[in-house]
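The values are calculated or read from the model by the stated rules, or taken from the named source; none is laboratory data. Every value quoted in this text rests on a predicted model; they were computed, and no experiment measured them. Neighbour counts run over all protein chains shown; Cβ positions are idealised from the backbone, glycine included.
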Amino acid sequence: MSGLLTPLGWGIVLPIFTSMAYACTLVCMRQGMRSGTPLAGVVTLNLITSAMGFTVAWLRGTLSATTWEAPLYFMAAGAVAQGMGQLAFYMGIERMGVSRATPIQSSTPIWAALFAVLFLMERPTLAVWAGTLLIVFGVSLLSLAEVKERGRPGGGGRGVLLYPVLSSVLYALMPIFMKQGFAIQKTPFLGIGCAYLAGTLVVLAGRPLVPGGGRIQADRRAMGIFLAASVTNILAASLFWTALTFADVSLVLPLSRLAPLWVVVLSYFFLGHLERLTWRVVFSAALVVAGGVLVSALR
């Protein structure tokens, strides 16, 4: 039990709980988008999360004491991930279908581990690399199972692969910018405020690129659910950003990407989205769990 209280222990526990909280966010967002547009949900989520980050930073005194360098890195993190990464993913879905774009975009942990080696001089073990690959493969299979009914064949040539690949690379760059900012000052809540605000501005600027013209529309029911999603997203962001103040990217990012596993569990028990557990879901879940064990227990 005492091992969980070490920095390495918290570096494992926090991203796992991040994935659980974010899974709740995804389930809420899915329900809200029955009567609201995706962009309405994203903008609501990002603005509320950003406001929370700035509020906590102000209460803790880090907002007034900050220098200008760290917020620039935090804003860059949000611009590339919540901004450009999200836009690239939407464009990929529009051109090749959700069932083909989602598994490709799920390769983010691999890119993140590579960038951590190149830019942060991290040295992941063989077990971490193997576990990351298992998590990516398992998450991809889970994503395929989840969107099988909703996906469309998609079209286009090889060029359309650029969008989901670009999205995965952009999301992988986010923790690199975060780490650069934390090297100047470890202020995770200020980082959350800056990142989500920058991401929102980029998404709004790129509205014409979003399928359907990026309509922002939601009824009272949808807004209520989006607000609930914001609460769990605040928790997920707080855990994720805090974990990266002291733990390696190659540890935190793969474990924080377990959300599709928890989404399947929540959907099965609470939403009735899956009437039965198929062999694909069981096998995919086993791969994700095995990958998590390799990344966390055998470092």
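Things to note:
- Lone unmet requirement of (1) small (G, A, S); (2) surrounded by 23 or more Cβ atoms within 10 Å (Cβ to Cβ); (3) touching a Lys or Arg at 6+ places or on another chain (Cβ under 8 Å) for A198: (3)
- Leading residue by the ranking (surrounded by the fewest Cβ atoms within 10 Å (Cβ to Cβ)) among those in the range 169-190 that are under 18 Å from P254 (Cβ atoms) and touching a Phe, Trp or Tyr at 6+ places or on another chain (Cβ under 6 Å): V169
- Of all the numbered requirements in (1) surrounded by fewer than 22 Cβ atoms within 10 Å (Cβ to Cβ); (2) in contact (Cβ under 8 Å) with a residue 12 or more places away in the chain; (3) among the polar types (S, T, N, Q), Q82 misses one, and that requirement is (1).
- Selection of the range 14-48 for residues being of a type in the set (V, I, T) and under 18 Å from I216 (Cα atoms) yields T37, V42, V43, T44, I48.
- Those helices (runs of 4 or more DSSP H) lying entirely in the range 1-95 with at least 2 residues farther than 28 Å from V169 by Cβ: 7-32, 38-60, 62-65
- Failed criterion for T55 (all others in (1) among the hydroxyl-bearing types (S, T, Y); (2) at pLDDT 85 or above; (3) within 19 Å of the chain's Cα centre (by Cα) hold): (3)
- Among the candidates T6, T102, T37, the residue that is β-branched (V, I, T), at pLDDT below 90 and over 23 Å from S256 (Cβ atoms) is uniquely T37.
- Checked against (1) assigned to a helix (DSSP H, G or I); (2) at negative phi; (3) modelled with pLDDT under 95, G212 passes all but condition (2).
- Pairs with Cβ under 6 Å, 6+ apart, first in the range 234-250 and part of a loop (DSSP other than H, G, I, E, B), second modelled with pLDDT of 95 or more: L244/P175; L244/M178; T245/F182; T245/P188
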